[in-house]
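Asker: Take a look at this one; I'll ask things after.
The values are calculated or read from the model by the stated rules, or taken from the named source; none is laboratory data. What you see is a predicted model, and the numbers here were worked out from it, not measured in a lab. Here the Cβ positions follow ideal geometry from the backbone for every residue, glycine too, while neighbour counts run over all protein chains shown. For the accessible areas, the whole protein counts, side chains as well, though only heavy atoms, and no ligand, DNA or RNA atoms are used. Shrake-Rupley method; radii C 1.70, N 1.55, O 1.52, S 1.80 Å.
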Amino acid sequence: MKLIRIEQNCVEVTWPYAKDFIKKALDISKGERDLDDIYLSLLHGQMQLWVLASEEDGIFGACISQVVEYPKYKVFMIPWAGSKPHTIKKWYSYCLGKDSPLEKFAKEQGARRLEFPVRDGWLKFTRQHNFEKYYTTIVKDIK
């Protein structure tokens with residue numbers, strides 16, 4: 001299994017294989033972005049595309065990362081991630097454990113914290129790698 005960061009100049013050829021995983025994560029959002037917005041951000045280098053693949057499964061997951069600069073420090077955020085159903089146990093520790101490709105890249109970017117907006121179903125997995133629930137965002141549309 002490998003988690004591969006797709007170079008900006010390769011996003012165009014890789015996106016068709018990854019976008020359905022990201023679409024699943026966007027489907028539960030409140031519509032602040034769509035796939036075209038994500039794609040353009042990837043092409044312009046504002047976000048990074050990662051694909052999860054293995055010899056037996058091919059590409060079976062993808063995520064989007066973004067370095068966010070707060071006034072005091074940078075954080076490395078994974079706002080959208082998705083994989084084939086029932087595979088989280090297969091990839092979770094590899095992708096989010098200590099010295100994972102994501103953590104290494106975050107350190108290279110000078111980030112001080114990892115941020116993952118996650119669905120509550122992920123919480124049972126996040127604690128094993130010292131993530132803690134920080135906040136929950138709720139929204140209300142104004143009519």
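Asker: Taking a 1.4 Å probe, which of Met47, Met1, Met77 shows the most accessible area, and what order do the others take after it? Provide the component values of the computation, followed by the final result.
Answerer: Values: Met47 10, Met1 85, Met77 35 Å².
Order by accessible area, largest first: Met1, Met77, Met47.
Asker: Using θ = phi - 60° and the Karplus form 6.51 cos²θ - 1.76 cosθ + 1.60, what ³J(HN,Hα) does each residue of segment 29-42 get, whole Hz, x for Gly and Pro?
Answerer: 7, 9, x, 5, 8, 10, 4, 5, 4, 4, 4, 5, 5, 5
Asker: Something else now. Going down the table (Lys72/Lys107; Lys23/Lys72; Lys23/Lys89; Lys30/Lys107; Lys2/Lys72), which pairs top 23 Å between alpha carbons?
Answerer: Too far apart for the 23 Å limit: Lys23/Lys72; Lys30/Lys107; Lys2/Lys72.
Asker: Here is a follow-up. Please identify every one of the GluC sites (Glu not before Pro) in segment 1-91 that sits in a loop by DSSP and has no more than 14 other beta carbons within 10 Å of its own beta carbon. Intermediate results must be reported in sequence, preceding the final value.
Answerer: On the way: sites: Glu7, Glu12, Glu32, Glu55, Glu56, Glu69; in loops: Glu7, Glu32, Glu55, Glu56.
Those satisfying the criteria are Glu7, Glu32, Glu55, Glu56.
Asker: Checking the cross-link filter: which aspartates and glutamates have an alpha carbon closer than 16 Å to that of Lys19, excluding same-chain neighbours under 8 positions apart?
Answerer: Excluding near neighbours in sequence, the set is Glu7, Asp27, Asp34, Asp36, Asp37.
Asker: Whole-Hz ³J(HN,Hα) for each residue in segment 99-115, computed from phi via Karplus 6.51 cos²θ - 1.76 cosθ + 1.60 with θ = phi - 60°, x for glycine and proline: what do you get?
Answerer: 6, 5, x, 5, 5, 4, 5, 4, 5, 4, 7, x, 6, 9, 8, 9, 10
Asker: Please report the net charge: other residues with Cβ closer than 13 Å to the Cβ of Met1, K and R +1, D and E -1. Mind dumping the intermediate values first?
Answerer: On the way: positive: Lys2, Lys84, Lys89, Lys90; negative: Glu55, Glu56, Asp57.
Net of charged neighbours comes to +1.
Asker: Note down the nm distance, to one decimal, between modelled labels 7 Å out along Cα→Cβ at Gln46 and at Asp20.
Answerer: Here the answer is 2.7 nm between the modelled labels.
Asker: Please list, by residue number, every one of the trypsin sites (Lys or Arg not before Pro) in segment 16-84 that is coil in DSSP and has at most 13 other beta-carbon atoms within 10 Å.
Answerer: Hits after loop and neighbour filter: Lys30, Lys72.
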